[in-house]
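Worksheet: one structure, shown below.
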Amino acid sequence: MKRILFLASIFTLVSARLSAETIDLEQARVLALASSRDLAQLNLNLQTSELNEKEQFYSMLPSVSANYSASMSYLDNNWGFTNPIDTLRVGVNISVTQTIFQGGRSFIQKAIREIATESVRNNAMIEYFRVLDRVDSAYYSALEAAASLEAAESSLQSATLSLSMAEIRLANGMLNQGDYLRVLADKESRESSRNQARRSLALNLSTLNNLIGLGEAPELEQIDFSAYEEVIQYLAGISDEEFSALYGRLLNAISRANPTLVSAALARQQAEYSYTLSKREYVPTIRATVSSGLSWSTSGGFSTSPTGSISITGNIPLDFWVMSNNQEKSKITYDLALMTYVDRQKQVETDLYSSLLTAITQAESFLSSRRTLDYVERSFEYTMERYRLSQASVLEYVEASSSLITNSNSYIRSSYGFLRSLSTLRSLTVMDDEETLIGLLLGN
């Protein structure tokens, strides 16, 4: 399945390179996955581990070997010369060796190799979601920077208009020098903020472009926040009972598939097998070999009765002090792996609790900042109109304008902060399908 996904990623990568003027988040994810060198390296490591697993399996099969010999003489027993062709002798011997008793060590070693392969596969899954987290964060940061730049541009236009009106009033004697300088300083401050927003957008686009591997930064599709309205409303108004039930559902999903927990479980299982293997070192090994040969000579032709033999060999380890030391080390490794697994369980539970609370906080902040921004926008329009009619002071207008840009940025941060919290929950629950995660959050 991973190979099919990889081929699909390459196809999408080529298509996106041909028309990369605009991309959406899903295309950015595919491009980042296809461009990740770490994922490519893990794929090679997985292939190596699978070959090692096959090698261990092959070692359990009979070992077949063949040897051959050829000889000629040019002197006879009386030290006289003879024709070497007349003394030609050729022999071939084939032997088959099979380990018939090893105390089960081969099967344990095979299980260890299988666990090693699964560990590499699990590490690839961890890296898969790490790449998704990075590209999601970069994509959201770029959109957030673009929205902040748009807000800064609008704020600068408003400050420029205010300065034009202040210059007219100053010329007509309707504005004192102190208020005029206040408007001038406000305009300069807004221009500086706009320039910083431009640099921030350029930096975030560069970061995203490095992840997706395109030669030129494309235009990004906007996020449709209406698709998240239901889950935002639910999380923002969630009760304590609903929170406990939601936490339980997510924890159940994590315990089944979270790659961090799976990695710790595999390490514990591998350490347990290694400890068992160290205890089997006391068991002797017995091998059986069957061989058969065929010879041919110039004088006699093929032998009428091919040679053959059967032998059984074995070894009994006697360096008990070495085996005891190895067994003790394996026991310590197993204990450490067990402790690591328990710690990982607690850490994942803590991360889930924290991430869920963050998502709820971001949902509340999103709704609150949206309502506040609506009030502030209407208040600013009212103050702007009064300022045009010379019914509001410069200080009132500057304060209303500052409040507008502050709340605009707060709404932008909470919007993309909520999306980042969803990305974190998605990685914890190992769900690359966002709709499935939202359905789980809503209890569907």
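Read the figures in this text as sums done on the coordinates, not as results from a lab. The structure displayed is predicted, hence computed values, not measured ones. Glycine also receives a Cβ, built like all others from the backbone with ideal geometry; neighbour counts cover every protein chain displayed.
Counting charges near Met431 (Lys, Arg +1; Asp, Glu -1) among other residues having Cβ under 14 Å from its Cβ returns a value of -2.
Spin-label model, Gln177 to Tyr353: label points 7 Å out along the Cα-to-beta-carbon direction sit 6.3 nm apart. Within straight-line reach of Lys54, meaning a Cα separation under 12 Å, sit the following aspartates and glutamates at least 8 residues removed in sequence or on another chain: Glu114. Since only Ala197, Ala152, Asn176 are under comparison, the one whose Cα sits farthest along the positive direction of the charge dipole of the range 119-264, derived from C-beta charges on Lys, Arg, Asp and Glu, is Ala197.
The calculated FRET efficiency for Glu396 paired with Glu188, based on their beta-carbon distance and R0 = 25 Å, is about 0.80. With the cut-off at 1.5 for a/c, could you classify the range 157-244 from its C-alpha gyration tensor as rounded, prolate or oblate? Cα axes put the range 157-244 in the oblate bin.
For every other residue with a beta carbon closer than 14 angstrom to the beta carbon of Tyr411, add +1 if it is Lys or Arg and -1 if Asp or Glu, then tell me the sum. My count for the surroundings of Tyr411 gives -2. Modelled spin labels at Arg249 and Ile94, positioned 7 Å past Cα toward Cβ, are 6.5 nm from each other. For the peptides 329-340, 417-428, the ranking by packing is 417-428, 329-340, with the highest mean count of neighbouring Cβ atoms within 10 Å listed first.
Between Met339 and Asp24, the simple spin-label model (points 7 angstrom out along Cα→Cβ) gives 5.0 nm.
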